[in-house]
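The values are calculated or read from the model by the stated rules, or taken from the named source; none is laboratory data. Please read all numbers here as calculations on a predicted model, not as lab measurements. As a convention, Cβ positions derive from the backbone with ideal geometry for all residues, glycine included, and neighbour counts pool all protein chains shown. The protein model used for the area step is the full one, side chains on, heavy atoms only, and it has no ligands, DNA or RNA in it. Shrake-Rupley method; radii C 1.70, N 1.55, O 1.52, S 1.80 Å.
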Amino acid sequence: MTWAFFQQLKKAQLRIMQRPPKDVENSIMGCMASATTVCLMIPMDTIKTRLVTQLNYPDLVPYNGIVDAAVRIFKEEGIGAFYRGLPPRLVSVVPMIGIQFGVYEFMKKVMLQRDMKNGDDGNAGTQKKKKGKIELSPEARAAKNAKKTFMSTERALEEIAMEVAADDEQPFPAPHFRHSYTKKNKLGKKKK
């Protein structure tokens, strides 16, 4: 949810400012997105916590589920009970997520610029027409290749992230990932 709010804030910032956000603005938008998420989700966290910890209080009448817990908390303690833990949650989560989004966006920009620099051979801005086809300038080709590289790298990172999330019963990479990884390594060794 935080990510979706952050993306919406970025779109709004681009419409209003008509320029990419600065690093500090990304951090501020990350803080705003996380604060919004925390404010929306803390009632559910309160209900979840009450349901999980109700066994610690055998003298209280147990809740009969999520809806029962929500209704009883509201009737017995008021709306404020849902937000009782909000200040410490905001103090702990908002700066952390703000920094995380600021660093993420900064590093994304650095990596894209690095990829574009590595593909640039210094002949930027030239276009040639060859037999009715427009040939891309080296800079445009580098940008296109950087985008392809970025997209394939992003896909590989997503696969790795999914593999890292494997459980105890499936601690090893999925066969398709292991196969593509070993295939790339073998190709790299053959070229040397």
Right, residue 97: over 16 Å from residue 38 (Cα atoms) and either in a helix (DSSP H, G or I) or of a type in the set (S, T, N, Q) (or both) or not?
no
Kindly indicate whether residue 18 is open to solvent by 90 Å² or more (accessible area, probe 1.4 Å) and either within 28 Å of residue 104 (Cα to Cα) or more than 19 Å from the chain's Cα centre (by Cα) (or both).
yes
Members of the stretch 59-73 that are free of Cβ contacts under 8 Å to residues at least 24 places away in the same chain and either within 13 Å of residue 49 (Cα to Cα) or not hydrophobic (A, V, I, L, M, F, W, C) (or both)
59, 62, 63, 64, 65, 66, 68, 69, 72
Considering only residues of the stretch 38-65 that are touching a helix residue (DSSP H, G or I) at 6+ places or on another chain (Cβ under 6 Å) and β-branched (Val, Ile, Thr), which is surrounded by the fewest Cβ atoms within 10 Å (Cβ to Cβ)?
42
